[in-house]
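Trainee: Got a structure for you, questions after.
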Amino acid sequence: MSIRQKLNGKLGFGTAPLGNMFRNIPDAEALATVDAAWEQGIRHFDTAPLYGAGLAELRLGEALAKRNRDDYLLATKVGRLILDEIEDPSQRDMGEKGGVFEFGRPNKIVNDYSADATLRSIEDSLKRLKTDHLDIVYVHDVAQDFYGDEWIGQFEIARTGAFRVLDRLRNEGVIKAWGLGVNRVEALELLLDLNEPQPNATLLAGRYTLLDHERALQRALPAALKRGVDIVVGGPYSSGILAGGAHFEYQKAPANIIAKVERIKAIAQKHGVSVKAAALQFSLAHPAVAAVIPGASRPERITEDHAALNEVIPSAFWQEMRAQNLVAADAPLPTDKE
């Protein structure tokens with residue numbers, strides 16, 4: 001069975017917000033959000049040690065402990081070790097994501113893509129998640145947005161370390177899939193050019209959305225489709241700006257992005273379409289995309305996501321979006337399947 005079949009539904013749940021992303025979220029609210037996702041039929045949960053220095057994993061593990069482990073698919077990431085040592089979250093070097101998890105736990109985060117660190121990271125995640133196995137493991141953020149010009153060196157450490165460990169674990173049946181969990185297409189392009197190891201699923205966040213998809217269409221998604229690597233789209237709302245929020249790329253949205261979103265909103269209003277629905281359904285229209293995992297920190301957001309996935313969007317909306325150059329000419333649209 002392919003990972004696409006194992007995903008068992010197009011809508012998953014990204015748990016970055018449960019790591020106190022941008023704000024201090026009460027435990028009860030975080031747990032209620034996971035419960036709401038379950039009640040809406042979501043069985044695909046994505047998390048990472050980085051999210052609040054283990055906080056998202058701890059909360060997700062607590063919320064899912066009452067569920068049958070065979071009933072859901074669980075994905076987490078490697079590349080960061082969470083230590084018992086304490087540090088100031090506001091002083092962490094998070095590359096372009098500075099301050100995103102300043103409300104998370106103060107445990108020290110160490111970047112390490114080596115083989116030994118990969119195995120240790122998996123062991124630590126299993127404990128936090130209160131489970132005995134993982135389904136998908138992504139190598140997290142080995143790209144320019146975190147490492148700048150040094151990203152190729154980090155990628156090489158991952159290639160000879162994390163990649164080979166995860167490839168072996170997948171081939172042994174310990175995990176079902178592995179790949180990258182990144183916010184940049186260059187790392188994915190480089191991965192897909194390798195003869196070995198052989199990834200079979202990758203999380204691409206923020207790079208195949210209504211606001212940013214042209215680069216991914218050039219090489220990354222066609223290569224993934226050709227090699228049979230399933231793409232899970234993270235950040236379909238571009239850090240919240242497409243869902244009524246103020247953030248884009250994890251920071252306050254700049255004026256040009258706000259102006260572009262206003263153009264999309266105007267067309268959506270004209271056709272009676274919600275922007276959230278357009279964002280989700282656009283990402284899912286590409287044949288390489290197996291699932292989309294919007295994040296949420298409030299139960300009502302899950303209900304909105306479910307409704308957005310099932311909203312009927314008239315073809316005239318997409319025609320106008322394309323006519324106004326708000327979607328690329330070669331981007332597959334939901335109406336292409338009609």
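Trainee: Could you please give the count of residues in segment 210-253 that are without any contact (Cβ under 8 Å) to a residue 40 or more places away in the chain, assigned to a strand (DSSP E or B) and over 15 Å from the mean Cα position of the chain (by Cα)?
Mentor: 1
Trainee: Another question, if that's okay. Which count do you get for residues in segment 117-159 that are within 16 Å of Ala56 (Cα to Cα), among the hydrophobic types (A, V, I, L, M, F, W, C), in contact (Cβ under 8 Å) with a residue 60 or more places away in the chain and out of contact with any helix residue (DSSP H, G or I) (no Cβ under 6 Å at 6 or more places or on another chain)?
Mentor: Looking only at that region, the number is 1.
Trainee: Another one. Given the criteria among the small types (Gly, Ala, Ser), within 26 Å of Ala291 (Cα to Cα) and more than 21 Å from the chain's Cα centre (by Cα), does Ala75 qualify?
Mentor: On the way: among the small types (Gly, Ala, Ser): yes; within 26 Å of Ala291 (Cα to Cα): yes; more than 21 Å from the chain's Cα centre (by Cα): no.
Considered against the rule, which asks whether it is among the small types (Gly, Ala, Ser), within 26 Å of Ala291 (Cα to Cα) and more than 21 Å from the chain's Cα centre (by Cα), Ala75 comes out as no.
Trainee: Here's another thing I want to ask about it. Just the residues that are open to solvent by less than 30 Å² (accessible area, probe 1.4 Å), in contact (Cβ under 8 Å) with a residue 40 or more places away in the chain and assigned to a helix (DSSP H, G or I), please, taken from segment 40-96.
Mentor: Our first condition is that a residue be open to solvent by less than 30 Å² (accessible area, probe 1.4 Å); within segment 40-96, this holds for 42, 44-57, 59-61, 63-64, 72-82, 89, 94.
Now narrow it down to the ones that are in contact (Cβ under 8 Å) with a residue 40 or more places away in the chain: 42, 44, 46-57, 59-61, 64, 73-82, 94.
Within segment 40-96, Leu55, Ala56, Glu57, Arg59, Leu60, Gly61, Leu64 meet the criteria.
Listed here are the residues, each with its yes/no results for (1) under 27 Å from Asn20 (Cβ atoms); (2) open to solvent by 10 Å² or more (accessible area, probe 1.4 Å).
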| residue | (1), (2) |
| --- | --- |
| Ala255 | no, yes |
| Glu262 | no, yes |
| Val273 | no, yes |
| Leu280 | yes, no |
| Ala285 | no, no |
| Pro294 | yes, no |
| Pro299 | yes, yes |
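Trainee: Further question: Can you say whether Val275 is touching a Lys or Arg at 6+ places or on another chain (Cβ under 9 Å) and β-branched (Val, Ile, Thr), as far as the supplied structure shows? So that I can check it myself, show each step before the final result.
Mentor: Details: touching a Lys or Arg at 6+ places or on another chain (Cβ under 9 Å): yes; β-branched (Val, Ile, Thr): yes.
Yes; evaluated as a whole, the condition is true for this residue.
Trainee: Another one. What tally of residues in segment 130-139 results from selecting those that are surrounded by 24 or more Cβ atoms within 10 Å (Cβ to Cβ) and out of contact with any Leu (no Cβ under 6 Å at 6 or more places or on another chain)?
Mentor: Taking segment 130-139 first, the residues surrounded by 24 or more Cβ atoms within 10 Å (Cβ to Cβ) are 136-139.
Checking the rest, the ones that are also out of contact with any Leu (no Cβ under 6 Å at 6 or more places or on another chain) come to 136.
Residues that pass the stated criteria total 1.
Trainee: Could I ask something else about it? Regarding Ile313, is this residue modelled with pLDDT of 95 or more and surrounded by 15 or more Cβ atoms within 10 Å (Cβ to Cβ)?
Mentor: yes
The values are calculated or read from the model by the stated rules, or taken from the named source; none is laboratory data. Worth saying up front: this structure is predicted, and the values here are computed from it rather than measured. Every residue, glycine among them, receives a Cβ derived from its backbone with ideal geometry; neighbour counts consider all protein chains shown. Ligands, DNA and RNA are stripped out before the accessible areas are found, and what is left, the full protein with its side chains, is counted by its heavy atoms. Shrake-Rupley method; radii C 1.70, N 1.55, O 1.52, S 1.80 Å.
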